[in-house]
Amino acid sequence: MLANDIHHLHVPTSPTVTGDPRAGGAAFVAVSRPDLDQDAYRTTIERVTVDGAVRWTSGDRDSSPVLSPDGRSLAFLRSVDDEHGAPHPQLAVAPVDGGEARVVTALPLGAGAPVWSPDSTRVAVTARFPEPGRYGSAVPGSDRRPAPNAEAPRLITRLDFHVNGTGYLLDKPQQLVVVDVTDRAATPVDAALTSTPCSLSAPAWYPDGAALVVAAPRDLGERETHDEDLYRVDATDGTVELAVRTEGSVSAVTVADDGTVLYVGASHLDGRLVGEPEGLWAAAPDSEPVRLTARETVDVASAPVLHGTDALVAVLDRGTVGVRRVPVAAASPLQLDELPTVLGGHLVVSGFDVDGDVLVATAATTDSPGEVHLVDLTAAAGATGATGATDGTDTDTDTTAPVVLTDYAAPLRTEASAPGVRRIEELTGTSADGTPVHGWLVLPEGDGPHPVLRVVHGGPFGQDTWAFFDEAQVYASAGYAVVIGNPRGSGGYGLEHGRAVIGAMGTVDVDDVLALLDAALQRPDLDSSRVGIMGGSYGGFMTSWVAAHHGERFVAAWSERAVNAWDSFAGSSDIGWFFADAYVGADPEEQRRRSPLTYADQVTIPFMVAHSEEDWRCPIEQGQRQFVALKRAGVDASFLVFPGEGHELSRSGRPQHRVQRFEHILAWWATHLPVTPVA
C-alpha cells in the first residue's frame with residue numbers, strides 16, 4: 001500500500017441484520033470509501049448476504065443504517081444540502097423490500113444515528129439546534145444569515161464550552177427529535193421534542209414506546225460536570241425526569257423488555273477521570289445501578305445488545321476487540337476470563353447487531369480494514385471459549401469460527417500500487433522493572449536488515465491492535481520495519497496497566513516504548529543503527545520527550561499533534577481544564593517538568609513538528625511553541641501545518657491531505673532514514 005492507495009480503504013460500519021443472511025435474511029452496512037478526485041468520502045449502504053455485498057441505496061452520502069424491529073423498513077442518514085447549499089445528514093426511511101427512500105427531517109444542523117421505537121412506527125434521533133443568527137440560521141426579526149466570521153460575539157462563562165470535532169457547544173445544544181414515519185405525506189420534521197438547557201445523548205426506547213431514556217449531564221448541566229445521569233423523556237410532550245443516578249459517565253444505553261436499563265459507562269467515585277475503563281451496568285426499575293463487569297479487567301467498547309438472558313458487548317483485550325457474553329442477572333461483577341467469547345481472535349470489532357440467533361459484526365483483521373462477519377449464536381453457545389488474559393499470555397479462543405461474508409479488502413491485494421498486505425508479527429519485550437510489554441512488528445518485503453520506525457499511539461488510554469493499520473502498511477511498503485505496541489497507560493490490559501502513567505508520564509511509559517523496540521532490534525533482519533521515532537497526540541508527546549532524553553538512539557523524530565507544554569495545554573485544549581491536572585497534576589512546576597518543551601534544548605536530532613490549524617484537542621500553539629524552542633536551540637527542525645484540519649487528520653481528514661501527509665512523512669524518512677544505506 002502506497003500513500004495514494006487510501007482510496008482502496010473500503011471500511012464497513014454500522015451493521016444491522018434481519019434474519020439469517022445465509023438463508024434469505026440480510027445484513028446492511030454503511031461502507032466508507034475515500035474519493036481522491038472529489039477530496040471527500042463516499043458512504044454507501046450495502047446489502048450483505050452469503051452471496052456477498054451489493055449497493056442498496058442510491059446516495060453517495062448515506063450512513064448509519066438501522067432496521068426496524070419488524071424488519072420491514074430501514075432508517076438511515078442521508079446527507080442533504082439545505083437551501084443555502086450546506087450539507088447536513090437527515091433522517092431517511094426506505095422499505096426493505098424495495099422502493100424510494102423518504103427524507104423525513106429537515107433539521108438545521110442535521111441528525112444523529114436513528115433509533116426505532118418498539119412498534120416500528122417512530123424513529124428518534126438527536127440533533128443540534130443553533131442559537132438564532134449562528135451556523136447559517138437567521139438573525140431574530142430578519143432574514144439575514146451572518147457568515148461564520150460575521151456572527152455576534154460569544155459570551156462564555158463555563159469551561160465546557162467547546163470540543164474537538166464539534167466546535168462550540170453551548171450555542172447549539174443537542175436535543176431529542178421523534179419522527180412518526182407512518183404518514184408518507186407528512187412534512188419533514190424540523191423541531192425538537194425536548195428543550196433542555198443541556199445536550200442529550202444515547203437515546204433508547206422503553207419497551208412500551210411511551211418514553212425514551214437519554215443520557216444528560218448531572219442536574220441537566222447546571223454546572224460543569226463529568227458525570228452523566230439517565231433521564232426519562234415522555235415521547236409525547238418531551239417532559240424530562242431523572243430515571244437513574246449513575247456513578248460517572250454514560251456512553252450507550254439499551255432497555256430490556258422488563259424495563260431494566262443497561263448502560264455502558266465509567267465510575268468516577270474515586271475522583272479519577274482518566275485511565276478509567278467503561279463497564280456494563282444494569283438498573284432494574286426503582287433500583288440502584290449494579291455493575292456487571294469487573295472494573296479491574298473489563299473495558300467495554302460498545303452498546304449492549306440483548307440475546308436471551310445475556311447482554312452481548314464488545315470488549316478490549318490485549319490489542320483486540322471481541323464480543324463477549326454478560327449475564328444480566330450476574331450476582332457480582334464478572335472478570336474478563338468469566339465472560340464467554342462470542343466473536344474473538346485477532347480482530348477488532350467496530351459494531352455488531354443480533355437478530356434471533358444470528359450475530360453480524362463489522363471487524364478489522366490483520367489482512368483487512370473491515371469485513372462483515374457472521375456468527376451462529378447457537379453454535380457459539382456450545383463452544384468452549386471463555387478465555388481472556390491480562391498477564392501477557394495469548395488470548396486466542398475456541399469459539400466457533402465466524403463466516404466472513406465480504407471481501408472489501410480485495411482492491412488492496414489486486415489494485416493497489418503496492419498490492420498485498422505486509423505481514424504483522426506479535427512482539428513481547430520486558431521493561432526495566434520486569435513488566436512485560438506487548439506489541440507487534442509490521443515487516444517490509446525482503447531480507448533486510450531494514451531501517452526501523454518506532455510508532456507510538458495516542459491516548460495514552462488507547463491501544464494499538466492486531467487490526468490492519470494503514471500507517472504501518474504504508475511505511476512497511478516503503479521498506480521500513482514498523483514497531484507498534486502498548487506501553488503502560490494503554491487500554492485493554494486492565495485497570496492497573498492503564499493508570500500506571502497517572503502522575504508519571506515520561507517514566508515507565510518511556511521504559512516500555514524502548515523495551516519493545518529493543519525486543520524488535522534483537523532480530524537480524526532489523527538494523528539497530530537506523531531507527532526513527534514518531535507518533536501523534538500522546539504519541540507525539542512521547543516522541544518529543546524521547547527525542548530530548550534518548551535522542552542518541554534515533555536518527556530523527558516526527559512529532560505530530562502533540563502535547564508539548566502542559567501549562568498552556570491546560571488553558572487551550574478542549575479537555576485541558578481537567579485532563580492536565582488528572583494526568584500530571586495542577587502544580588505549575590510539575591507541569592513544566594513533565595513537558596517536552598522544557599527539554600527542547602536537549603534535542604540534537606532532526607525534528608519535524610506536524611500540526612493541524614483547527615486542532616482543538618492539542619491546539620496548534622503546542623506545535624508552534626515546540627518548533628520555536630527547537631529552532632532557537634539550533635535544532636534542524638521543520639514545522640508542517642495542515643489548513644482546515646483538526647485532531648483526526650490522519651484518520652478522517654480530507655483524503656488529499658491524508659495522502660499529502662503520507663508523502664511528507666515518507667520524504668522526511670527518505671532524507672533522514674533512507675531505506676538503502678548511504679555508502
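Worth pointing out:
- Some residue of segment 218-241 being over 23 Å from Asp574 (Cβ atoms), buried (at least 17 other Cβ atoms within 10 Å of the Cβ) and under 26 Å from the mean Cα position of the chain (by Cα): yes
- Per-region count, segment 19-47, residues in a strand (DSSP E or B) and under 23 Å from Val375 (Cα atoms): 9
- Selection of segment 462-502 for residues being among the polar types (S, T, N, Q) and part of a loop (DSSP other than H, G, I, E, B) yields Gln463, Thr465, Ser490.
Conditions (1) open to solvent by 50 Å² or more (accessible area, probe 1.4 Å); (2) aromatic (Phe, Trp, Tyr); (3) modelled with pLDDT of 95 or more, marked per residue:
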| residue | (1), (2), (3) |
| --- | --- |
| Val354 | no, no, yes |
| Val360 | no, no, yes |
| Val375 | no, no, yes |
| Gly385 | no, no, no |
| Asp394 | yes, no, no |
| Thr397 | no, no, no |
| Glu425 | yes, no, yes |
| Thr435 | no, no, yes |
| Trp440 | no, yes, yes |
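- Verdict on Ser63 being out of contact with any strand residue (DSSP E or B) (no Cβ under 8 Å at 6 or more places or on another chain) and under 25 Å from Pro34 (Cα atoms): no
- Residue match in segment 609-616 (condition: open to solvent by 70 Å² or more (accessible area, probe 1.4 Å) and either outside any loop (DSSP other than H, G, I, E, B) or of a type outside the set (A, V, I, L, M, F, W, C) (or both)): yes
- For the condition of a type in the set (Val, Ile, Thr), modelled with pLDDT of 95 or more and more than 30 Å from Thr598 (Cα to Cα), Val483 does not qualify.
- One residue stands out in segment 157-210 among those that are of a type in the set (Lys, Arg) and surrounded by fewer than 16 Cβ atoms within 10 Å (Cβ to Cβ): the one that is farthest from Leu306 (Cα to Cα), namely Arg158.
- Here no strands (runs of 3 or more DSSP E) wholly within segment 48-139 include at least 2 residues being open to solvent by less than 10 Å² (accessible area, probe 1.4 Å), polar (S, T, N, Q) and in contact with a helix residue (DSSP H, G or I) (Cβ under 6 Å, 6 or more places away or on another chain).
- Given (1) modelled with pLDDT under 95; (2) in contact with a helix residue (DSSP H, G or I) (Cβ under 8 Å, 6 or more places away or on another chain); (3) within 30 Å of Val456 (Cβ to Cβ), number of the condition Thr297 does not satisfy: (1)
- Annotation for segment 222-235: at least one member residue is modelled with pLDDT of 95 or more, under 25 Å from Val274 (Cβ atoms) and hydrophobic (A, V, I, L, M, F, W, C).
- Picking from residues in segment 145-179 that are assigned to a strand (DSSP E or B) and within 19 Å of Arg617 (Cα to Cα), the one that is nearest to the chain's Cα centre (by Cα) is Val163.
- Residues located in segment 617-651, provided they are part of a helix (DSSP H, G or I), free of Cβ contacts under 8 Å to residues at least 60 places away in the same chain and open to solvent by less than 70 Å² (accessible area, probe 1.4 Å): Ile620, Glu621, Phe627, Ala629, Leu630
The values are calculated or read from the model by the stated rules, or taken from the named source; none is laboratory data. Quantities reported herein were computed from a predicted structural model and do not represent experimental measurements. Neighbour counts run over all protein chains shown; Cβ positions are idealised from the backbone, glycine included. Side chains are part of the model used for accessible areas, which takes the heavy atoms of the whole protein and leaves out ligands, DNA and RNA. Shrake-Rupley method; radii C 1.70, N 1.55, O 1.52, S 1.80 Å.
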